[in-house]
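Notes for the one structure printed next.
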Amino acid sequence: MRQRNRFVTGAAALLLWMALGGMPGESMGEDQPAAVNTFNRLMKPKSERNLPPPQDGIHDPANPGTGLLQPPKEAFANMEPLSAGNYVNWVESLKKKRITPRYDRLDPNAEAVVFDLDIVREVKGSMPDVVYPHDRHTQWLDCSNCHPDIFVPEKGKNQISMAQILMGQKCGVCHGKVAFPVSECRLCHSKKKGAAPAAAAAPASQEDAAKAAPKRAK
């Protein structure tokens with residue numbers, strides 16, 4: 001079992017290494033990754049993150065409006081810091097009201113429908129189990145952003161692997177693009193093996209999930 005656990009851990013490390021642009025036998029320095037996985041743009045070297053819009057590889061530099069956009073480093077100056085990704089702790093920034101995002105693009109008065117439910121996913125190997133907190137996700141997103149297209153809201157119906165995430169699927173739809181990158185393992189793998197469960201059980205079916213979810217105020 002120990003040998004198998006070491007293999008699983010080693011395979012995950014190799015996937016992460018290659019996503020950062022490295023290949024076996026190469027050393028990984030701060031500016032080493034040149035072929036960063038395009039699905040995980042927040043895993044770029046520090047010097048290439050939060051570039052001005054004309055230089056970020058996302059916006060069209062030929063568009064006159066691109067130069068009018070506020071540079072990220074200026075926009076993020078008052079945010080709560082994080083040591084990875086775009087260096088912004090979005091959850092803390094929201095909690096401290098450093099940012100007040102509009103929950104509905106058409107209705108400026110719409111309030112977030114916060115769903116307070118943690119899902120614990122047991123993982124193989126020696127890594128701590130994953131805790132998925134619905135509350136900090138639903139502060140930003142409506143349930144329909146994830147269910148049912150990305151995650152089926154039914155226990156046992158979602159197979160998730162680090163390979164999928166690194167290729168921009170499942171959690172990787174957001175993490176590595178607009179949320180902290182997968183290099184921050186402990187932000188997700190936060191429940192020690194054998195620790196008392198800190199979350200309620202997942203809904204048994206989509207119907208149960210719909211009943212448990214809070215209703216949007218009309």
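Annotations for the structure displayed:
- Qualifying residue in region 92-104 (condition: under 17 Å from CYS188 (Cα atoms) and surrounded by fewer than 17 Cβ atoms within 10 Å (Cβ to Cβ)): yes
- Boolean, ASN89 is among the polar types (S, T, N, Q), free of Cβ contacts under 8 Å to residues at least 12 places away in the same chain and surrounded by 15 or more Cβ atoms within 10 Å (Cβ to Cβ): yes
- Test for GLU74: is it loosely packed, with under 12 Cβ neighbours inside 10 Å and modelled with pLDDT of 55 or more: yes
- Filter result (free of Cβ contacts under 8 Å to residues at least 24 places away in the same chain, under 26 Å from THR100 (Cβ atoms) and not in a helix (DSSP H, G or I)) within region 39-79: LEU51, PRO52, ASP56, ILE58, HIS59, GLY65, LEU69, GLN70, PRO71, ALA77, ASN78, MET79
- Subset of region 152-165 that is farther than 16 Å from VAL182 by Cβ and surrounded by 17 or more Cβ atoms within 10 Å (Cβ to Cβ) - its residue that is farthest from the chain's Cα centre (by Cα): GLU154
- All conditions but one from (1) touching a residue at least 40 places away in the same chain (Cβ under 8 Å); (2) more than 18 Å from LEU94 (Cα to Cα) apply to GLY156; the one that does not is (1).
- Filter result for GLU184 (in contact with a Gly (Cβ under 8 Å, 6 or more places away or on another chain) and surrounded by 15 or more Cβ atoms within 10 Å (Cβ to Cβ)): yes
- Selection status of LEU106, more than 30 Å from GLY156 (Cα to Cα), among the aliphatic types (A, V, I, L, M) and assigned by TED's automatic domain parsing to the domain that holds ASN158: yes
The values are calculated or read from the model by the stated rules, or taken from the named source; none is laboratory data. Computed from a predicted model, the values in this text were never measured in an experiment. Using ideal geometry, Cβ is built from the backbone for each residue, glycine included, and neighbour counts are taken over all protein chains shown.
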